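> Quick one: the structure is below, and I'll ask about it shortly.
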Amino acid sequence: MVVYNHRFDKNIPIVERLYKARFSHIYHLVPFYDAHIVDANVIPVYGCSHYFQGYISQAYTHLKHVGFTHFFIIADDLILNPRLNEQNLWEQIGIQQGDCFLPTELIVLQTLNRFWHHFIDAMRYKPRKKGLEANTVLPSVEQARSIFQSYRIPTGPISFSTLFSSWKMLRNLLRKRIFHRHLSYPLVGGYSDTFIMPAKYMEKFCTLCGFFSATDLFVELAIPTAMVLTNAPIKFNSDAKLHNGAYWGKGATYWKNPISEIESYGNNLNHLLKEFPADKFFVHPVKLSKWEWKAYQD
């Protein structure tokens, strides 16, 4: 599944060209897609891109009975390592076929030691919303805490060192009038623009993702939390042979990768594919509308 945050129809044939020789089933999840003739592998989805976990839940209803063994989700502005294909994916990453895979190190909110914008989202989140019956979808808080503890993820109060980790953090907490140290529901964060789910866990995962989308939980909280709540075996970035290749912001080191590395490819897709960093699972972001495409086509 290729998730489009926005309506970029021109990217569909580019993504097809990139991956059709390596993956035999490709589906494009395009928000509010209303072309006169809808391609068989384009699935219109609906909702806010900040909660695109809901797109995956919607698309899964179209694909759940096809008989797939795994679901591999990527963002449309993410370029996979050209060595990867549907036959060697697990061997190249270094995981078992029964594993879920999230190429991140989890952001444990109780012990976060830096400012993260979506920490505030987590502190404000409440799973109860008028018109929704949380108790029929979500595990109880006690059940969720038990599952988190099985992964050794703490669920207690937020540490004071986190709350006072920076002036920016403290200022945002005060602005939003957050004066508590407890989450209303166990949550964990992490990079979420690509992941792998065995089909046996997908139903539960998508049900949770749909609920988190309906209750406006930001995607980088929703997907890691939903994956943990499936109680499935999960491998993370540190478990893998190929690693997270996210590059954000001028001089950014949020994912421990300077943006200058991606700039070195000169917005040339052909150059990136030929010189792809051997230890990376993917490179992100690659805004296809701004990268040279003719060179790759040739």
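The values are calculated or read from the model by the stated rules, or taken from the named source; none is laboratory data. All values reported here derive from a predicted model rather than from experimental measurement. We place every Cβ from the backbone using ideal geometry, glycine too, and count neighbours over all the protein chains shown.
> Quick one: is Ile43 assigned by TED's automatic domain parsing to the domain that holds Trp293, touching a His at 6+ places or on another chain (Cβ under 6 Å) and crowded, with 16+ Cβ neighbours inside 10 Å? Break it down stepwise before answering.
Numbers: assigned by TED's automatic domain parsing to the domain that holds Trp293: yes; touching a His at 6+ places or on another chain (Cβ under 6 Å): yes; crowded, with 16+ Cβ neighbours inside 10 Å: yes.
Yes.
> Same structure again: Determine, yes or no, whether Ala35 is free of Cβ contacts under 8 Å to residues at least 60 places away in the same chain, touching a strand residue (DSSP E or B) at 6+ places or on another chain (Cβ under 8 Å) and small (Gly, Ala, Ser). Outline the logic, then answer.
Working: free of Cβ contacts under 8 Å to residues at least 60 places away in the same chain: yes; touching a strand residue (DSSP E or B) at 6+ places or on another chain (Cβ under 8 Å): yes; small (Gly, Ala, Ser): yes.
Yes, satisfied.
> Quick check on this structure: which one of Lys200, Lys250, Lys241 is more than 30 Å from Leu132 (Cβ to Cβ), at pLDDT 95 or above, assigned by TED's automatic domain parsing to the domain that holds His6 and not hydrophobic (A, V, I, L, M, F, W, C)? Before you say what the answer is, go through the steps one by one.
Working: Lys200 fails: more than 30 Å from Leu132 (Cβ to Cβ); Lys250 fails: at pLDDT 95 or above.
So the residue among Lys200, Lys250, Lys241 that is more than 30 Å from Leu132 (Cβ to Cβ), at pLDDT 95 or above, assigned by TED's automatic domain parsing to the domain that holds His6 and not hydrophobic (A, V, I, L, M, F, W, C) is Lys241.
Residues checked against (1) part of a helix (DSSP H, G or I); (2) under 14 Å from Leu242 (Cα atoms); (3) not charged (D, E, K, R); (4) not assigned by TED's automatic domain parsing to the domain that holds Ser289:
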residue	(1), (2), (3), (4)
His50	yes, no, yes, no
Ile56	yes, no, yes, no
Ala59	yes, no, yes, no
His62	yes, no, yes, no
His65	no, no, yes, no
Phe72	no, no, yes, no
Asn85	no, yes, yes, no
Gln92	yes, yes, yes, no
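> Can I ask one more? Could you tell me how many of the residues in segment 147-186 are surrounded by fewer than 16 Cβ atoms within 10 Å (Cβ to Cβ), more than 18 Å from Ile107 (Cα to Cα) and not basic (Lys, Arg)?
Total meeting the criteria: 6.
> Taking Val38, is it out of contact with any Gly (no Cβ under 8 Å at 6 or more places or on another chain), buried (at least 17 other Cβ atoms within 10 Å of the Cβ) and closer than 25 Å to Gly210 by Cβ? Explain how you work it out, then say what you get.
On the way: out of contact with any Gly (no Cβ under 8 Å at 6 or more places or on another chain): yes; buried (at least 17 other Cβ atoms within 10 Å of the Cβ): no; closer than 25 Å to Gly210 by Cβ: yes.
Spelling it out, it is not the case that Val38 is out of contact with any Gly (no Cβ under 8 Å at 6 or more places or on another chain), buried (at least 17 other Cβ atoms within 10 Å of the Cβ) and closer than 25 Å to Gly210 by Cβ.
> Here are some residues: Tyr296, Tyr265. Which one is surrounded by 17 or more Cβ atoms within 10 Å (Cβ to Cβ), out of contact with any Pro (no Cβ under 6 Å at 6 or more places or on another chain) and modelled with pLDDT under 75?
Tyr296
> Quick test of your reading of the structure: Asn85 fulfils all but one of (1) surrounded by 16 or more Cβ atoms within 10 Å (Cβ to Cβ); (2) under 26 Å from Leu273 (Cβ atoms). Name the failing condition by number.
Unmet condition: (1).
> Take Val228 and decide whether it is buried (at least 21 other Cβ atoms within 10 Å of the Cβ) and of a type outside the set (Gly, Ala, Ser).
On the way: buried (at least 21 other Cβ atoms within 10 Å of the Cβ): yes; of a type outside the set (Gly, Ala, Ser): yes.
So Val228 passes the test.
> Now, a different point. May I ask you to verify whether Pro127 is assigned to a loop (DSSP other than H, G, I, E, B) and either surrounded by 13 or more Cβ atoms within 10 Å (Cβ to Cβ) or in contact with a Gly (Cβ under 8 Å, 6 or more places away or on another chain) (or both)?
On the way: assigned to a loop (DSSP other than H, G, I, E, B): yes; either surrounded by 13 or more Cβ atoms within 10 Å (Cβ to Cβ) or in contact with a Gly (Cβ under 8 Å, 6 or more places away or on another chain) (or both): yes.
Yes: the conditions hold for Pro127.
> Then there is this: Any chance segment 188-210 includes a residue that's assigned to a loop (DSSP other than H, G, I, E, B), in contact with a Lys or Arg (Cβ under 7 Å, 6 or more places away or on another chain) and touching a residue at least 40 places away in the same chain (Cβ under 8 Å)?
Filtering segment 188-210 down to residues assigned to a loop (DSSP other than H, G, I, E, B) leaves 188, 190-193.
From what is left, the residues that are in contact with a Lys or Arg (Cβ under 7 Å, 6 or more places away or on another chain) are none.
Scanning segment 188-210, I find no residue that is assigned to a loop (DSSP other than H, G, I, E, B), in contact with a Lys or Arg (Cβ under 7 Å, 6 or more places away or on another chain) and touching a residue at least 40 places away in the same chain (Cβ under 8 Å), so the answer is no.
> Restricted to segment 1-10, and to residues that are modelled with pLDDT under 95 and either within 13 Å of Asp39 (Cβ to Cβ) or within 12 Å of the chain's Cα centre (by Cα) (or both), which residue is surrounded by the most Cβ atoms within 10 Å (Cβ to Cβ)?
Our first condition is that a residue be modelled with pLDDT under 95; within segment 1-10, this holds for 5-10.
Going one step further and asking which of them are either within 13 Å of Asp39 (Cβ to Cβ) or within 12 Å of the chain's Cα centre (by Cα) (or both), we end up with 5, 9.
Details: Asn5: 18, Asp9: 12.
Filtering segment 1-10 for residues that are modelled with pLDDT under 95 and either within 13 Å of Asp39 (Cβ to Cβ) or within 12 Å of the chain's Cα centre (by Cα) (or both), the one surrounded by the most Cβ atoms within 10 Å (Cβ to Cβ) comes out as Asn5.
> Suppose we filter segment 142-171 for residues that are without any contact (Cβ under 8 Å) to a residue 60 or more places away in the chain and either in a loop (DSSP other than H, G, I, E, B) or assigned by TED's automatic domain parsing to the domain that holds Ala232 (or both); how many remain? Let's see the steps before the verdict.
Just the residues of segment 142-171 that are without any contact (Cβ under 8 Å) to a residue 60 or more places away in the chain, to begin with: 142-143, 145-146, 149, 152, 154-171.
Remaining after also requiring either in a loop (DSSP other than H, G, I, E, B) or assigned by TED's automatic domain parsing to the domain that holds Ala232 (or both): 152, 154-159, 164-166.
Count: 10.
> State yes or no: is Tyr33 buried (at least 18 other Cβ atoms within 10 Å of the Cβ), hydroxyl-bearing (Ser, Thr, Tyr) and either under 23 Å from Lys64 (Cα atoms) or touching a Pro at 6+ places or on another chain (Cβ under 9 Å) (or both)?
Details: buried (at least 18 other Cβ atoms within 10 Å of the Cβ): yes; hydroxyl-bearing (Ser, Thr, Tyr): yes; either under 23 Å from Lys64 (Cα atoms) or touching a Pro at 6+ places or on another chain (Cβ under 9 Å) (or both): yes.
So Tyr33 passes the test.
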